[in-house]
1. Would you please name the residue that is surrounded by the most Cβ atoms within 10 Å (Cβ to Cβ), looking only at residues in segment 34-63 that are charged (D, E, K, R) and over 24 Å from LYS12 (Cα atoms)?
2. Please enumerate the residues belonging to segment 130-142 that are in contact with a helix residue (DSSP H, G or I) (Cβ under 9 Å, 6 or more places away or on another chain) and part of a helix (DSSP H, G or I).
3. Output the number of residues of segment 178-198 satisfying the condition of being within 28 Å of LEU53 (Cα to Cα) and of a type in the set (Phe, Trp, Tyr).
4. Which residues, counting only those in segment 94-132, are among the hydroxyl-bearing types (Ser, Thr, Tyr) and either over 22 Å from ASN201 (Cβ atoms) or modelled with pLDDT under 95 (or both)?
5. Would you check if SER90 is without any contact (Cβ under 8 Å) to a residue 60 or more places away in the chain and under 16 Å from the mean Cα position of the chain (by Cα)?
6. Consider THR204 carefully, then state whether it is part of a loop (DSSP other than H, G, I, E, B), modelled with pLDDT of 95 or more and among the hydroxyl-bearing types (Ser, Thr, Tyr).
7. Kindly list, by first and then second residue, each pair from a residue in segment 143-159 that is in a loop (DSSP other than H, G, I, E, B) to a residue that is surrounded by fewer than 17 Cβ atoms within 10 Å (Cβ to Cβ) and aliphatic (A, V, I, L, M), limited to pairs with Cβ atoms under 9 Å and residues at least 6 apart or on different chains.
8. Considering only residues that are over 16 Å from ALA174 (Cβ atoms) and in contact with a Phe, Trp or Tyr (Cβ under 6 Å, 6 or more places away or on another chain), which ones fall in segment 87-116?
Amino acid sequence: MPTSTSPAPMPKLPTLTTQAEHLIALGVHDPARLPTHVLRSFAAESAADGALLAVHPDRVPASALAPLLRHGDKPGFVVSDMTDVDRFTSCGIDLPDAPLYLAAGIDRGDHMANWSPEEALPALAEQGRTPLLLTEGIHWVLNQPAALERNRCFMTIGSRLRKPDGTLDARTPALWLSNGTGRDGRERRGAPKVGWCWWRNRHTWLGFASTEGRRI
């Protein structure tokens, strides 16, 4: 089993009302077809500060959320060879049947850095945790930018792409900060990046983000 490292301390998530207001300020409610009062009411009526407020991926996909990410003055983007990003959907995870839901006990999974997705998935299950979806990971960074830092980034292996023959694509989505190399372009150095890694590959700078559970 790969060597683990100690997880970096993470500040507490903003309150749910603060998260809701930030999503509204970013305009997330528009593509999600959610009146602002619905977002505000959901946040106000949920007694679960410390949880992540997420919009169901059926309402707003990763391609619409990624450009809203910011690191310094750099906007987020999806890598150019991931034009099918929105086809990476929930795999083996039951999501609440509601436009808004909460994900509790979010963890970046730093202790799993240098593990492969293939190794991390069963380990998370043994711990009673489930991996984050890509859209959940983006929501997390939108409301807690400190979740994404140089050499401390994360994969979101709760989202997978199922091919027409029923098998799973070997790519697994992740969020990290671009080095500005290759097709990213120098102007994107330090920008939040939605990309992918192989199912059996390890990366020293990628943990595996997960949650204790989801609920309305």
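The values are calculated or read from the model by the stated rules, or taken from the named source; none is laboratory data. Everything numeric here is computed off the predicted structure, so don't read it as measured data. Here Cβ is always computed from backbone atoms with ideal geometry, including for glycine, and neighbour counts include all displayed protein chains.
1. Per the stated criteria, the residue is ARG59.
2. Taking segment 130-142 and keeping what is in contact with a helix residue (DSSP H, G or I) (Cβ under 9 Å, 6 or more places away or on another chain), we get 130-135, 137-142.
Scanning segment 130-142 gives LEU134, THR135, GLY137, ILE138, HIS139, TRP140, VAL141, LEU142.
3. Qualifying residue count for the region: 1.
4. Residues of segment 94-132 that are among the hydroxyl-bearing types (Ser, Thr, Tyr), as a first pass: 101, 116, 130.
TYR101 - this is the single residue of segment 94-132 that is among the hydroxyl-bearing types (Ser, Thr, Tyr) and either over 22 Å from ASN201 (Cβ atoms) or modelled with pLDDT under 95 (or both).
5. Numbers: without any contact (Cβ under 8 Å) to a residue 60 or more places away in the chain: no; under 16 Å from the mean Cα position of the chain (by Cα): yes.
Against the criterion (without any contact (Cβ under 8 Å) to a residue 60 or more places away in the chain and under 16 Å from the mean Cα position of the chain (by Cα)), SER90 does not qualify.
6. Details: part of a loop (DSSP other than H, G, I, E, B): yes; modelled with pLDDT of 95 or more: yes; among the hydroxyl-bearing types (Ser, Thr, Tyr): yes.
It is true that THR204 is part of a loop (DSSP other than H, G, I, E, B), modelled with pLDDT of 95 or more and among the hydroxyl-bearing types (Ser, Thr, Tyr).
7. GLN144/MET10; GLY158/ILE93
8. LEU100
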